[in-house]
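A short worksheet on the structure shown next.
The values are calculated or read from the model by the stated rules, or taken from the named source; none is laboratory data. The structure presented is a predicted model; accordingly, all values stated were derived computationally and were not measured. Positions of Cβ are backbone-derived with ideal geometry, glycine not excepted, and every protein chain shown enters the neighbour counts. Quick note on the areas: whole protein, heavy atoms, side chains included, nothing else; ligands and nucleic acids left out. Shrake-Rupley method; radii C 1.70, N 1.55, O 1.52, S 1.80 Å.
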Amino acid sequence: METYRFTVNSKSLLAESLGTFALVFIGCGSVILSEIGNFNPQLIPFVFGLIITSCVYLLGKHSGAHFNPAVTIGFYINKEISAKDGVIYIGIQIISAFAASLFHNFLFTQQHSFGTTTVSTSYISGSIAEILCTAFLMLVILLVTRNDNKIYGLAIGGAVTISALLIGDLTGASLNPARSVGPMLLYGNTNELWFYIITPICGAIGITKLYKAIT
């Protein structure tokens, strides 16, 4: 019987739910505040990076701190989670992202975008940006979580921050289908939803296959 690194249980599902909720609630919340308040939008990449860092350290031991369907699919490709458990992980992530955006709907009475990501460049350029940055994030995750160390959370959060600084103006630097699905569904504009599902998953699959080939 094959042994997997990540499995579904009450702790792992709670961890994935809380982590994904926190990512969208706090990360996308900072985007909303920049739209309706005086929050400096230049700080948004750091908010996303810090919330990921915090949740990885707090919850990683329980679920692996995926918080991202693309990451879960990458781990499935690397044979670290079963297909069945991977589907459950992804379901929990999407539901939690939607729940976080639902809270935004009640919390902020002013009109806002729910932190929706949009492509402000060509789809070719945007696809390259999202695929490469998601691949970078997935590679960091694969590398720093292989052994016991103290920097894994900082490395993963740092990868998110760097990516957001680099391509935030182009695509919003989603790197995560759940992060985009929740806000888009509540905002009611799903025209580019396909982009934010396909490109991060392609990036995670591509780099994981490369990782397997050279290790």
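Just one of the numbered conditions (1) without any contact (Cβ under 8 Å) to a residue 12 or more places away in the chain; (2) of a type outside the set (Lys, Arg); (3) open to solvent by less than 60 Å² (accessible area, probe 1.4 Å) is not true of GLY188; which one?
Every condition holds for GLY188 apart from (3).
So, of the residues in the range 118-146 that are under 21 Å from SER180 (Cα atoms) and free of Cβ contacts under 8 Å to residues at least 24 places away in the same chain, which turns out to be least open to solvent (accessible area, probe 1.4 Å)?
SER122
All but one of (1) closer than 15 Å to VAL119 by Cβ; (2) without any contact (Cβ under 8 Å) to a residue 40 or more places away in the chain; (3) polar (S, T, N, Q) hold for THR215, so report the exception by its number.
Unmet condition: (1).
Taking the range 31-60 only, how many residues are of a type in the set (Gly, Ala, Ser) and assigned to a loop (DSSP other than H, G, I, E, B)?
Total satisfying the criteria: 1.
Determine whether the range 53-68 contains at least one residue that is more than 23 Å from SER163 (Cα to Cα) and either open to solvent by less than 20 Å² (accessible area, probe 1.4 Å) or touching a His at 6+ places or on another chain (Cβ under 6 Å) (or both).
Yes - at least one qualifying residue is present in the range 53-68.
Can ASN149 be described as assigned to a loop (DSSP other than H, G, I, E, B), touching a residue at least 40 places away in the same chain (Cβ under 8 Å) and open to solvent by 30 Å² or more (accessible area, probe 1.4 Å)?
Numbers: assigned to a loop (DSSP other than H, G, I, E, B): yes; touching a residue at least 40 places away in the same chain (Cβ under 8 Å): no; open to solvent by 30 Å² or more (accessible area, probe 1.4 Å): yes.
No, not satisfied.
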